Amino acid sequence: METVTLKIFRYDPDKDNVPYYKDYEVPVEGTLLNALLYIKDNLDPTLSFRAFCRSEVCGSCAVRVNGKTKLACKTPMRELYEIWKGKPLKVEPLNHMKVIKDLVTDIDEPVEKMKTLMPWLVPDPSVVPSDPMHESIIYPEEMELYKDQIHCMLCFSCYSACEAVEDNERYRGPFAFSRAYRFQVDRRDIETAKDRRIRYAISGGLWSCVQCQKCLHVCPKGVKPAEDIQNLRRRSIRKGFTDKPGAKKLKHYVDWIYATGQINRLYLPAEVYGDSEAVEVLKSAYKSMGAEVWEVPKPVKGLLKFRDTYLEVLSKSEEKAMNIDFSHVREIDRLVSDFFKADVCTILDRALSKSYESKGLVDRLKSLLGGN
Amino acid sequence: MKIGFYQGCCFQGQDAHMFDTMRKVFEKLGVELELLEETTCCGGNTIEEEERELSYAINLRNIALSEAKGLDMLISCNTCYMVIAKAKLAADKNKKLKEKMNRLLKAEGLEYKGSAKIYHLLDFLRDVVGYEKIREAVVNPLTGVKVVPYYGCHVLYPKEIAVDNSDNPSSLEEILKALGAEVVSDYECKDVCCGYHSFYTDKNMTLRKLDRILNSVKEVSGDIIATPCPLCFKAFDIYQAKMESPPNVPSAFLTELMAYAFGLSREESGLKYHLIKVPV
Ligand code: SF4
Ligand code: SF4
Ligand code: FES
């Protein structure tokens, strides 16, 4: 029978000064949980790990294999064997949590963090009948809004994999935001609770998520915390929290993409952090690197039609974070025409068709136009 | 062969030289890049915070422009790739969404069919060009240069759109080996977030990420960190310079190293212009 080595993290705080790894030879069959049970039954009864349902329901069996978070009862040994080409598999407890013993971690901290985001319903008396014998109806369309989030089984896989937890201790965790979002979109939840929840989300690190996508990658239940976090950010801006750098960044994106089809990284520092010197600093930095800077991005061909499409989507949106700031758009339009002193698309296209090289393009253009 | 090239923000304007390098590299590999000029910014995984459907509309439009030319699409930025691939996935799975988006695009005379394949630099080099062809194009092998491969997040996560095995990827290592480099891939941070995207939402997060990644490159005595994502590269080069005590680890965007190995000069490859000096 084919076998593989599991290098398992062992630590008993009552006995061991430091953790150590112990090797076990297990058959390449069934799931990783089967392999752990095989060890417990046949090789070493002292090994501790959590598991219960064996069928991806209880959420207790998540561990890390060669650093990657896995739900043990969902992960075939054959798959691990093939991915790691038969090499030993290092099995460790979840990341970012205290170890109780071996592969068993303490879930108290993430659970306490989650509670700070009010992941529960605060009934709105105008929607929820006060008589408990009365049904409180949820329609299928409403259910659509949180049909994935309610499947979270608190396995903490996402918490273990999260890049924001890694570098910000106060960060509440992906699952916590998904749970908060689930109530934020519940029609039965009272508005004052939604206000508070957004404030708690902001102080709990809403803008610290780096959008690495690891949470939705590891979630065994198809929850998408990274996307719920984007949705919560949208709702925070709608509620008036527009002074956060992230909200200003979004404004930059919304206005510039509408205006030119592109963002403008030269103006981002000024528009987000009020750092207006950055434009000049960046320009000269690029010049010293030999790259010439187009102060404004070249508006894409077919821009006006694109603008129509863009506006059409936003005009139908019930939930957009903000409106396009048309005075800002007009400023951008002015920048574009001032800079190029002409219908930019035509000239750039002509220049580009003559030579693909970008270096020196702006100077060539300006001399072409008789400008300085 | 010909492929539709999506520029995003990283291959034009202030970074137009990166496109020049890219084009020369692919010329040597017998691939013609046709610029998809009418495409726009993908929204950088930020515009979703305004309205998710806006991201779908923008990016299905981007794909439709490639389809209109009968071309598959090459996207050379991890984030653009992830965002566009997610839009494709959503439309291919959800007929209603696809129809809704096509009603919008019709006004521009466009249609998203779902016929174009979309590639990131890594799977395009692996599956379409092939490692052998890369090896053959090398005239100036990176012998003795200890290159540390760094993937970033959005080509590996989430799994539905990953271009390599998310747990144990190998394409970047193989490409670097084909260039003759000494690949040092046994380090912790191959897929740790580079922090680029949090620079304008939580700056400290960016600086902490860079500190962790770049110091881990030092620990394994790497000469340079190489990435197939222009944003990660910018974080490593430009944002590293903003750190309180920069670890001074040089970095390169993958096609710059390819250009150099294919015989282009330090200047033409772009390596000359990095803020953190490159040793080759
Ligand atoms: S996307 Fe955000 S919440 Fe999800 S794992 Fe990454 S940092 Fe954490
Ligand atoms: S969101 Fe998914 S990965 Fe995170 S705790 Fe819930 S079920 Fe587990
Ligand atoms: S044992 Fe219950 S989820 Fe794995």
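Taken together, the values in this text are just the output of simple stated rules run on the coordinates, not laboratory data. From a predicted model like this one, the values you see are computed outputs, not experimental measurements. Here the Cβ positions follow ideal geometry from the backbone for every residue, glycine too, while neighbour counts run over all protein chains shown.
Structural remarks
- For B:Asn204, neighbours were defined as the other residues whose beta-carbon sits under 15 Å from its Cβ, and their charges (Lys and Arg +1, Asp and Glu -1) total 0.
- Rounded to the nearest Hz, the phi-derived 3J(HN,Hα) couplings of the range A:77-88 under the Karplus curve 6.51 cos²θ - 1.76 cosθ + 1.60 (θ = phi - 60°) are 4, 4, 4, 4, 4, 6, 4, 9, 6, x, 6, x, where x marks glycine and proline.
- Degrees separating the helix A:225-238 axis from the principal Cα axis of chain A, which is the longest one: 50 degrees
- Normalised contact order of chain B, rounded percent, pairs of Cα under 8 Å and 6 or more residues apart: 18 percent
- Near A:Arg10, the amide H atoms lying under 5 Å from its own belong to A:Tyr20, A:Tyr21, A:Lys22; only residues 5 or more places off or on other chains count, and H is placed 1.01 Å from N.
- Subset of B:Lys117/B:Lys159; B:Lys203/B:Lys242; A:Lys224/A:Lys244; B:Lys69/B:Lys117 violating a 21 Å alpha-carbon distance limit: A:Lys224/A:Lys244
- With neighbour counts taken as other beta-carbon atoms within 10 Å, the residues A:Trp256, A:Trp120 rank, fewest first, as A:Trp120, A:Trp256.
- Residue-wise HN-Hα couplings along the range A:174-179, as the Karplus relation 6.51 cos²θ - 1.76 cosθ + 1.60 with θ = phi - 60° gives them from phi, are x, 4, 5, 5, 5, 5 Hz; Gly and Pro carry x.
- 16 Å Cα-Cα reach of B:Lys146 towards lysines, excluding residues that sit fewer than 8 places from it in its own chain: B:Lys177, B:Lys190, B:Lys218, B:Lys277
- Here the Karplus curve 6.51 cos²θ - 1.76 cosθ + 1.60, taken at θ = phi - 60°, turns the phi angles of the range B:271-277 into couplings of 4, 5, 9, 5, 5, 8, 4 Hz, with x standing for Gly and Pro.
- Listed by chain and number, the lysines placed with their C-alpha closer than 18 angstrom to that of A:Lys101 are A:Lys7, A:Lys15, A:Lys22, A:Lys40, A:Lys90; residues fewer than eight positions away on the same chain are left out.
- Normalised by the number of residues in the range B:2-121, the average gap of Cα pairs under 8 Å and 6 or more apart makes the relative contact order 29 percent.
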